[in-house]
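The values are calculated or read from the model by the stated rules, or taken from the named source; none is laboratory data. Since the model is a prediction, treat every value here as computed from it, not as a measurement. Cβ: placed from backbone, ideal geometry, glycine included. Neighbour counts: every protein chain shown.
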Amino acid sequence: MSQVVTRFPPSPTGFLHLGGARTAVFNWLYARHCRGRFVLRFEDTDTERSSPRFVEAILEALHWLGIDWDEGPHFQSRRLDVYRDYLARLLAAGRAYYCTCPPERLEAMRREAMARGGKPRYDGTCRNRGLGPVPGAAVRFKAPQSGTTVLRDVVKGPIAFDNGEFDDFIVCRSDGTPTYNFAVVVDDITMGVNTIIRGDDHVMNTPKQIQLYEALGAPLPVFAHVPMVLGPDRTRLSKRHGAASVTEYRDQGFLPDAVLNYLVRLGWSHGDQEFFTRAELIAHFDLENLGRSAGVFDPEKLLALNAEHLRATPPAALVEPLRPFFRELGIELEGGPRTEKIIAGLAPRSKTLADLARQARFYFEDEVAYEEAAARAHLTAEALPALAAVAARLKALEDFGESALEEAFRAVMAETGLKLGKIAQPVRVALSGRAASPGIFEIIAILGKEATLRRLERAIAFIGRSRSSSGAGEAPPSPKRT
Ligand code: GLU
């Protein structure tokens, strides 16, 4: 085959959900893997349900996922001339005909068939009437009435359809608009698309499309129909199972590379590898390893994969994506070595960008909010000597490197007779407000001398205040005290 050309043809009637995004990703990856071409096309002939707002939303989601296209976006609504041209070719070849059957008669036929438990089908009334272009006439495809149409699907293997199953379906409605099966074939032929990866909900359309390719004398593309993504309850994935749109994952603090990685793994495998960088996906993605059974969406797995991608991303590359999450906390994040150190310390402890920003908040606010349980357990009268001794040592210290800090803490241990934990925990809460945080030497090094001392003093004052408010010089009750 010459250069591989794939496409993504969403209907702009809703947001880009996970299933649609996966289709886009597969087609994009395959084009990139083969150094081919990827075409974007909006199937917007359904003017009632299509909306520019959804076009924008889909473009935004693709941008976020880092999916770029080499051609388009095309809009079917602007290509009516092309469909008209191809319709003329079908008519000229005797492979289509005008049909003036009134809708009421077709509807009655449909109802009758349903009542009999059969498939509605057109009875061919106009097939041999030789009608010309009458205003208000629809155009039907003269479908083969015997034999079989074989779909050689890369994923599903060959599927033979009995041509007797299909009727003369409409290719052009009475208002002049093409139907889906016709438009999609004309588009794919004229755009040079030769590889179609899509959901297997389209398998039943494919024999009709194959018949149209044959009638138009065009070579068939490679078809790969992938099983639909299922929700955890094993029904088809939908809004009910979580995010309606891919960009909701962006807003929750997922990384595009993680979502991309997860989507691909929902229908393709490479041994038992789970974590892939974008470059690895491009290097390995192929049609041979598309899965035959449906992938089941597992939000926990996506979260774990996101955490892994957070860890693997260089801190400097996280500054930009983190910015909106900090802004939400009232913090304007600036890049630079300090920010990168903060990110490097917290990325391995975070599942999402939102999570990382929440955990990093204390670095940016001297008035740290003490978590209630942490303060109750560690900012106690007992902790006062430790906090005071640490403050005194650090005040005299110039070098805030890891080993100098360690030495200072060791000196405090010797001086107070306390174990490191008894010193470190109150310091941790004083500096971060929490009982769990990155290492305290790391925090102190990042905060620097001034901010560290300010926070220690504030904690000492806090303990003083809690003592006086709790009465006779008692420390606030602490569940951990023995
Ligand atoms: N517009 C169709 C859809 O959204 C795509 C059809 C196709 O891939 O051929 O399902």
Exercise for review: Would you mind telling me which numbered condition in (1) of a type in the set (Gly, Ala, Ser); (2) modelled with pLDDT of 95 or more; (3) not in a helix (DSSP H, G or I) Ala24 fails?
Suggested key: (3)
Review point. Which of the residues spanning the stretch 140-188 are buried (at least 18 other Cβ atoms within 10 Å of the Cβ) and among the basic types (Lys, Arg)?
Key: Arg140, Lys142
Practice item. Could you please find all residues in the stretch 398-441 being closer than 26 Å to Glu371 by Cβ and not in a helix (DSSP H, G or I)? Key: Phe400, Leu418, Lys419, Gly433, Arg434, Ala435, Ala436, Ser437, Pro438, Gly439
Point to revise | Subset of the stretch 226-240 that is away from the ligand (no atom under 15 Å from the Cβ) and not in a loop (DSSP other than H, G, I, E, B) - its residue that is surrounded by the fewest Cβ atoms within 10 Å (Cβ to Cβ) | key: Arg240
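Based on this model, can you work out whether Lys395 counts as closer than 28 Å to Pro337 by Cα, assigned to a helix (DSSP H, G or I) and of a type outside the set (Val, Ile, Thr)?
Numbers: closer than 28 Å to Pro337 by Cα: yes; assigned to a helix (DSSP H, G or I): yes; of a type outside the set (Val, Ile, Thr): yes.
Criteria met by Lys395.
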Exercise for review: Under 7 Å between Cβ atoms, at least 6 apart or on separate chains: pull out the pairs that start in the stretch 411-423 with a residue that is in contact (Cβ under 8 Å) with a residue 40 or more places away in the chain and end on any residue that is part of a loop (DSSP other than H, G, I, E, B).
Suggested key: none
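Taking the stretch 362-384 only, how many residues are surrounded by fewer than 19 Cβ atoms within 10 Å (Cβ to Cβ) and in a loop (DSSP other than H, G, I, E, B)?
Step one: list which residues in the stretch 362-384 are surrounded by fewer than 19 Cβ atoms within 10 Å (Cβ to Cβ), which gives 364-367, 369, 371-373, 381-382, 384.
Next cut, in a loop (DSSP other than H, G, I, E, B) only: 365-367, 369, 371.
Total satisfying the criteria: 5.
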Revision key, fill the gap. Taking first residues from the stretch 243-271 that are under 23 Å from Arg323 (Cβ atoms) and second residues anywhere that are among the basic types (Lys, Arg), the pairs with Cβ under 6 Å that are 6 or more apart or on different chains are Asp257/Arg278
Review point. Given the conditions (1) part of a loop (DSSP other than H, G, I, E, B); (2) in contact with a strand residue (DSSP E or B) (Cβ under 6 Å, 6 or more places away or on another chain); (3) more than 23 Å from Arg278 (Cα to Cα), and given that Leu87 satisfies all but one, which numbered condition is not satisfied?
Key: (1)
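Run down Phe276, Phe223, Phe285 and say which single residue is more than 16 Å from the ligand (Cβ to nearest atom), touching a residue at least 60 places away in the same chain (Cβ under 8 Å) and among the aromatic types (Phe, Trp, Tyr).
On the way: Phe276 fails: touching a residue at least 60 places away in the same chain (Cβ under 8 Å); Phe223 fails: more than 16 Å from the ligand (Cβ to nearest atom).
Unique residue meeting the criteria: Phe285.
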**Study point:** the stretch 274-290 - residue that is assigned to a loop (DSSP other than H, G, I, E, B) and acidic (Asp, Glu) and, of those, surrounded by the fewest Cβ atoms within 10 Å (Cβ to Cβ)
**Key:** Glu288
Practice item. Could you tell me which numbered condition His241 fails, if it satisfies all but one of (1) in contact with an Asp or Glu (Cβ under 9 Å, 6 or more places away or on another chain); (2) of a type outside the set (Gly, Ala, Ser); (3) over 30 Å from Leu329 (Cβ atoms)? Key: (3)
Point to revise | Residues within the stretch 202-220 that are assigned to a loop (DSSP other than H, G, I, E, B) and either within 11 Å of the ligand (Cβ to nearest atom) or closer than 18 Å to Val4 by Cα (or both), tallied | key: 3
Review point. Looking only at residues in the stretch 1-29 that are small (Gly, Ala, Ser) and surrounded by fewer than 24 Cβ atoms within 10 Å (Cβ to Cβ), which one is farthest from the ligand (Cβ to nearest atom)?
Key: Ser2
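Which members of the stretch 241-273 meet the condition of being charged (D, E, K, R) and either under 16 Å from the mean Cα position of the chain (by Cα) or surrounded by 15 or more Cβ atoms within 10 Å (Cβ to Cβ) (or both)?
From the stretch 241-273, those charged (D, E, K, R) are 248, 250-251, 257, 265, 272; that's our starting set.
Result: Glu248, Arg250, Asp251, Asp257, Arg265.
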Practice item. Test each condition in (1) out of contact with any strand residue (DSSP E or B) (no Cβ under 7 Å at 6 or more places or on another chain); (2) modelled with pLDDT of 95 or more; (3) hydrophobic (A, V, I, L, M, F, W, C) for Trp268 and report the one that comes out false. Key: (1)
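Hey, does the stretch 32-43 have a residue that's in contact (Cβ under 8 Å) with a residue 12 or more places away in the chain, within 9 Å of the ligand (Cβ to nearest atom) and either surrounded by fewer than 23 Cβ atoms within 10 Å (Cβ to Cβ) or assigned to a helix (DSSP H, G or I) (or both)? Explain how you work it out, then say what you get.
Start the filter on the stretch 32-43 by keeping residues that are in contact (Cβ under 8 Å) with a residue 12 or more places away in the chain, which leaves 32-43.
From the residues that got through so far, the ones that are within 9 Å of the ligand (Cβ to nearest atom) too are 41-43.
Right, trim to either surrounded by fewer than 23 Cβ atoms within 10 Å (Cβ to Cβ) or assigned to a helix (DSSP H, G or I) (or both) and you get 43.
Looking through the stretch 32-43, at least one residue is in contact (Cβ under 8 Å) with a residue 12 or more places away in the chain, within 9 Å of the ligand (Cβ to nearest atom) and either surrounded by fewer than 23 Cβ atoms within 10 Å (Cβ to Cβ) or assigned to a helix (DSSP H, G or I) (or both).
Of all residues in the stretch 145-201 being of a type in the set (Phe, Trp, Tyr) and not in a strand (DSSP E or B), which is farthest from the ligand (Cβ to nearest atom)?
Per the criteria, the residue is Phe166.
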